[in-house]
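Trainee: Before we start, here is the structure in question, set down as structure tokens.
Every number in this text was worked out from the coordinates using simple rules, so none of it is lab data. Everything quoted here is computed from the prediction, not taken from an experiment. Positions of Cβ are generated from backbone atoms using ideal geometry, with glycine treated the same way; all protein chains shown enter the neighbour counts.
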Amino acid sequence: MALVNQNGVWRLVNNGNPVAKNWREIYRVNFKTIAAHDFKSDGDQLVISGSTWSQVNKGNASVLEFDGSTGLKINPANGSNLFSGGDTAPRLMCEVQQLCGGDWNPNIDAVAFILRMTSSTGIQANYDSFGLMMAQNSGTLSSQNDRFCKSGPIYNAATKYDVSDGTEYDVTYSGVDADCVITTIYPSGQVRTRGGIFDWGSVPSPKFPLPKDDTDWSTIHSTANWNNSSTRHTDNPGDVNTHLIMSMSKWAVGPFCFEVSSGTGIEALFTEFIVLRLE
């Protein structure tokens, strides 16, 4: 099985025969090409390829900007966090509906969000973390009952890959921190996430990961599904038949970084963001 680009549509083929449905690229941004914009001083929002991205918790970052050459940088303040006390994590978020061109229907559509990333120092001390977040709105969350899920490296007595909705599910790893996160929303709200080391190549990359496909992953740190309850989803991995309650107008995704108490000066760099839809 292989991934082939046919007239702008990425198709899985098996012995030359296309699979019935294909993951189609519907939104893609090379963050390195975005003109310099400092969210701390140049405005809280920025329209990128027709979609509005909004900063969250800029007061808890010394740097939250596109620098005009290397990508999106987030340097969080010491004391920033994403629950276990509150939502103070700086991030940049965009509504799923906008990223899907205004016609996302969570009851019938499968969409995937892919983030390419690194950090200046790596995660070194409790509780450095960075990665991709999905939340039920694009603003600050008032409590962990405001449904969200985050996926990315975290330091918690060791280097771990964390998937969390306020309750953490961590998998210990050794070596390089994850440089890729893919989070997929399936019809009716099943959510699956994966993180690890992907064989990207150049920027922009000639390839990217597909949901439920191990191709070109050199190391997979974690794969998990979320459960559902009436108010929030619980720690992972969950039964694949469980799901989240999705809203067409509110759900948002984007990169985050926080530094609870380590003082390491971690700075996350995000270089590519891709959205796929199964069609």
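Trainee: Counting Lys +1, Arg +1, Asp -1, Glu -1, what net charge surrounds Gly43 among other residues with beta carbon under 12 Å of its beta carbon?
Mentor: Taking every other residue near Gly43 into account, the sum is -2.
Trainee: Mind listing the long-range amide H neighbours of Ile26? Cut-off is under 5 Å, sequence gap 5 or more, other chains count too, H placed in the peptide plane at 1.01 Å from N.
Mentor: Val275, Leu276, Arg277
Trainee: On to the next question. Kindly count the pairs of lysines across the stretch 26-278 whose alpha carbons are less than 21 Å apart, treating pairs on different chains or eight or more residues apart as eligible.
Mentor: The number of close lysine pairs in the stretch 26-278 is 13.
Trainee: Quick one: Karplus J couplings for the stretch 189-202, per residue in order, coefficients 6.51, -1.76, 1.60, θ = phi - 60°, nearest Hz, x for Gly and Pro?
Mentor: The phi angles translate into x, 5, 10, 10, 10, 8, x, x, 9, 10, 7, 5, x, 6 Hz.
Trainee: Given points 7 Å out from each Cα along the Cα-Cβ axis, report the Val203 to Ala36 separation in nanometres with one decimal.
Mentor: According to this spin-label approximation, the distance is 1.7 nm.
Trainee: If you don't mind, there's one more thing I want to ask. If we count every other residue with Cβ under 12 angstrom of Ser54's Cβ, Lys/Arg +1 and Asp/Glu -1, where does the sum land?
Mentor: 0
Trainee: Kindly write out, for the stretch 91-106 in residue order, the coupling ³J(HN,Hα) from the Karplus curve 6.51 cos²θ - 1.76 cosθ + 1.60 (θ = phi - 60°), rounded to whole Hz, with x marking Gly and Pro.
Mentor: Taking θ as phi minus 60°, the curve returns 6, 10, 10, 9, 5, 4, 4, 5, 5, 9, x, x, 10, 6, 10, x Hz for the stretch 91-106.
Trainee: I'd like the distance between the alpha-carbon centres of the stretch 150-165 and the stretch 187-212, rounded to an integer number of Å.
Mentor: For the stretch 150-165 versus the stretch 187-212, the Cα centre distance is 18 Å.
Trainee: Further, regarding this structure: Filter the trypsin sites (Lys or Arg not before Pro) in the stretch 187-216 down to the DSSP loop ones having no more than 16 other Cβ atoms within 10 Å, then list what survives.
Mentor: For trypsin sites (Lys or Arg not before Pro) across the stretch 187-216 that sit outside H, G, I, E and B with at most 16 neighbouring Cβ atoms in 10 Å, the list reads Lys207, Lys212.
Trainee: Something else: Put a dot 7 Å past each Cα toward the Cβ at Gln124 and Ser84; how far apart are the dots in nm?
Mentor: 1.9 nm
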